[in-house]
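In what follows, a structure is listed as structure tokens, so that the remarks can point back to it.
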Amino acid sequence: GAGVSQTPSNKVTEKGKYVELRCDPISGHTALYWYRQSLGQGPEFLIYFQGTGAADDSGLPNDRFFAVRPEGSVSTLKIQRTERGDSAVYLCASSLTGLESDTQYFGPGTRLTVL
Amino acid sequence: AQSVTQLGSHVSVSEGALVLLRCNYSSSVPPYLFWYVQYPNQGLQLLLKYTTGATLVKGINGFEAEFKKSETSFHLTKPSAHMSDAAEYFCAVSDPMNTGFQKLVFGTGTRLLVSP
């Protein structure tokens, strides 16, 4: 079956621009996560969705970052007024239930470069 | 707050040699523990996880890890390295008592290099 997919795979933008990153989770997975992975670092948690609602957005770095999941499936991470420091690989993961013992399945990521 | 320390940003082994990747965690309660592997231009893939029960956990591709509470460790091993094992490996923890969902905290990763 299809895994988690993310589009685009690469995004180059200019400082100050707005970008949207899309995640298609595995069908039937109620839990969806966004992470950010900077060069040489492990993934860092950004936000967790259970169904349509953002159950925990404590990892979003500031109010320029926002994410939605309106129908409980596809999610979009939105970044306003991008800064060079936003350059990173943005990873999406989904899991069946979100329970602590669950398995998260990761997408290949979107590499964002802010010039 | 939980944290994960992976000793060695790079580990080099010869094909056929033992693989040992170290992971130590800091947590107020025994956490759930995970090892993920990341191949170039691919997403992270779960190798194995410890939640409860047997402390020696076997995963895919011949890897295993042992949860040692007294040492706060969850080191990853494989008896005989294969060229295809060359990748980045991440250890992660999740506090089962704190958040109500699987909020993973990752280490900085260890790149495994395998030479012929």
Relative contact order (%) - criterion: Cα under 8 Å, at least six apart; region: chain A: 37
For segment B:47-55, in order, what is each residue's ³J(HN,Hα) by Karplus, 6.51 cos²θ - 1.76 cosθ + 1.60 with θ = phi - 60°, in whole Hz (x at glycine and Pro)? 8, 6, 8, 10, 10, 8, x, 4, 7
For chain A, which longest stretch is free of loop sites, where a loop site is one of the trypsin sites (Lys or Arg not before Pro) that DSSP puts outside H, G, I, E and B and that has at most 15 other Cβ atoms within 10 Å? A:18-63
Average partner coverage of A:94-107, which counts Cβ from other chains inside 10 Å: 5
Label the protein assembly as shown by shape, choosing from rounded, prolate and oblate, from the square roots a ≥ b ≥ c of the eigenvalues of the Cα gyration tensor; if a/c is under 1.5 it is rounded, and otherwise prolate applies when a/b is larger than b/c, oblate when it is not. prolate
Beyond 26 Å between alpha-carbons counts as too far, so tell me which of A:LYS15/B:LYS103; B:LYS68/B:LYS103; A:LYS11/B:LYS58; A:LYS11/B:LYS49; B:LYS49/B:LYS78 fall in that bin. A:LYS15/B:LYS103; A:LYS11/B:LYS58; A:LYS11/B:LYS49
Which one, B:ASN61, B:ASN41, B:ASN24, has the greatest fluctuation when you compute a Gaussian network model over chain B with C-alpha springs under 10 angstrom? B:ASN41
Segment B:17-116 shape via C-alpha gyration tensor axes, a/c threshold 1.5: prolate
Can you find, among B:ALA65, B:GLY100, A:ILE79, the residue sitting farthest towards the positive end of the charge dipole of the protein assembly as shown, where Lys and Arg contribute +1 and Asp and Glu -1 at Cβ? A:ILE79
Loop-resident sites, segment A:1-104, for GluC sites (Glu not before Pro), counting at most 11 other Cβ within 10 Å (DSSP): A:GLU14, A:GLU71
When only Cα pairs under 8 Å and 6 or more residues apart are kept, what is the percent relative contact order across segment A:4-50? 30
Over segment B:1-103, relative contact order from alpha-carbon pairs under 8 Å, at least 6 apart, %: 34
Which distance in Å, rounded to a whole number, links the C-alpha centroids of segment A:37-53 and segment B:61-105? 18
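So if I place +1 on the C-beta of Lys and Arg and -1 on the C-beta of Asp and Glu, and nothing else carries charge, what would the dipole magnitude of chain B be about its Cα centre? I want it in debye, nearest 20. Intermediate results must be reported in sequence, preceding the final value.
On the way: 8 positive and 7 negative charges, 33 e Å.
Computed charge dipole of chain B: roughly 160 debye.
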From the phi angles alone, apply the Karplus equation (6.51, -1.76, 1.60; θ = phi - 60°) to segment A:37-47 and give each ³J(HN,Hα) in whole Hz, x where the residue is Gly or Pro. 10, 8, 4, x, 10, x, x, 10, 4, 10, 7
Which is farthest toward the positive dipole end of the protein assembly as shown among A:CYS23, A:ALA55, A:SER101, measuring Cα position about the Cα centre, with Cβ charges +1 (Lys, Arg) and -1 (Asp, Glu)? A:CYS23
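Nearest 20 debye, what's the magnitude of the dipole of segment A:1-99 about its Cα centre given +1 on Lys and Arg Cβ and -1 on Asp and Glu Cβ?
Numbers: 10 positive and 10 negative charges, 59 e Å.
With only Lys, Arg, Asp and Glu charged at Cβ, the dipole is about 280 debye.
None of the figures in this text is laboratory data; all of them are computed from the coordinates on show. Everything numeric here is computed off the predicted structure, so don't read it as measured data. In this analysis, Cβ positions are derived from the backbone assuming ideal geometry, glycine residues included, and neighbour counts consider all displayed protein chains.
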